[in-house]
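Data first, discussion second: the structure below is written as structure tokens.
The values are calculated or read from the model by the stated rules, or taken from the named source; none is laboratory data. On a predicted model such as this, the values are computed, not experimentally measured, just so you know. Positions of Cβ are backbone-derived with ideal geometry, glycine not excepted, and every protein chain shown enters the neighbour counts. The protein model used for the area step is the full one, side chains on, heavy atoms only, and it has no ligands, DNA or RNA in it. Shrake-Rupley method; radii C 1.70, N 1.55, O 1.52, S 1.80 Å.
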Amino acid sequence: SKNFEALKFDNFKMAKEEYILKLSALQQEAERLEEQINIINQQLANFQNLKLSIEAIDKREEKEFLAPLGSGIFLKSEIKEKELFVNIGSNVIVRKSGKEASELITTQMVHMEKMKLSLINEIEKINQQLQHLVEHLQEEE
């Protein structure tokens, strides 16, 4: 009878450790998904800024401006035409109006928002699993 009690306790201990491992793995997965959402949010902000820049170029009367090269370095530039050159994939470059380029960016943003919603749904599922595991652990104690 004592051996049975010891065996039962060992099984409970092992099950509890398995739950804790599952909890940890689910938390790590949720954190990874959160990081992906943060990256998407940054990309969405970059796209929004790009759209604003394109609109500003379309409305701009002056020809000269400072073009950012990166890290606070600018090049004095001149607008010769308002058509843009857009990489549409596989390094294929096509001419687009500001409006067309802006529409293309909007399409990309909609796609990214859908990806973000999918990630949020995954996190919600993980949170439900975490809640279920925690409740089960509390019941065992």
Given (1) basic (Lys, Arg); (2) out of contact with any Leu (no Cβ under 7 Å at 6 or more places or on another chain); (3) assigned to a strand (DSSP E or B), number of the condition residue 125 does not satisfy:
(3)
Which one of these is of a type in the set (A, V, I, L, M, F, W, C) and surrounded by 12 or more Cβ atoms within 10 Å (Cβ to Cβ): 47, 74?
47
Here the qualifying pairs (Cβ atoms under 6 Å; residues six or more apart or on different chains; first in segment 110-132 and over 17 Å from residue 29 (Cβ atoms) and in contact (Cβ under 8 Å) with a residue 60 or more places away in the chain; second among the aliphatic types (A, V, I, L, M) and surrounded by 13 or more Cβ atoms within 10 Å (Cβ to Cβ)) come out as 112/40; 112/44
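Of everything in segment 77-90, what is open to solvent by 100 Å² or more (accessible area, probe 1.4 Å) and of a type outside the set (D, E, K, R)? Give them in sequence order. Before the answer, list the steps.
First, pick out the residues of segment 77-90 that are open to solvent by 100 Å² or more (accessible area, probe 1.4 Å): 78, 80, 85, 90.
85, 90, listed by residue number.
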I'm told residue 34 meets every condition in (1) open to solvent by less than 80 Å² (accessible area, probe 1.4 Å); (2) touching a residue at least 12 places away in the same chain (Cβ under 8 Å); (3) under 15 Å from the mean Cα position of the chain (by Cα) except one. Can you identify the failing condition by its number?
(1)
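Residue under question is residue 61, and the condition is that it be open to solvent by less than 90 Å² (accessible area, probe 1.4 Å) and charged (D, E, K, R); does it hold? Walk me through how you get there before you give the answer.
Numbers: open to solvent by less than 90 Å² (accessible area, probe 1.4 Å): no; charged (D, E, K, R): yes.
When the stated conditions are applied, residue 61 does not pass them.
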Within segment 91-98, does at least one residue satisfy the condition of being open to solvent by less than 100 Å² (accessible area, probe 1.4 Å), under 30 Å from residue 23 (Cα atoms) and part of a helix (DSSP H, G or I)?
no
Residues of segment 86-141 satisfying the condition of being among the acidic types (Asp, Glu) and out of contact with any helix residue (DSSP H, G or I) (no Cβ under 8 Å at 6 or more places or on another chain):
100, 103, 124, 135, 139, 141
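Name the single residue that is surrounded by the fewest Cβ atoms within 10 Å (Cβ to Cβ) among those in segment 104-141 being among the hydrophobic types (A, V, I, L, M, F, W, C) and within 28 Å of residue 85 (Cα to Cα). Walk me through it before giving the result.
Step one: of segment 104-141, the residues among the hydrophobic types (A, V, I, L, M, F, W, C) are 104-105, 109-110, 112, 115, 117, 119-120, 123, 126, 130, 133-134, 137.
Remaining after also requiring within 28 Å of residue 85 (Cα to Cα): 104-105, 109-110, 112, 115.
Details: 104: 15, 105: 17, 109: 17, 110: 10, 112: 16, 115: 14.
Per the stated criteria, the residue is 110.
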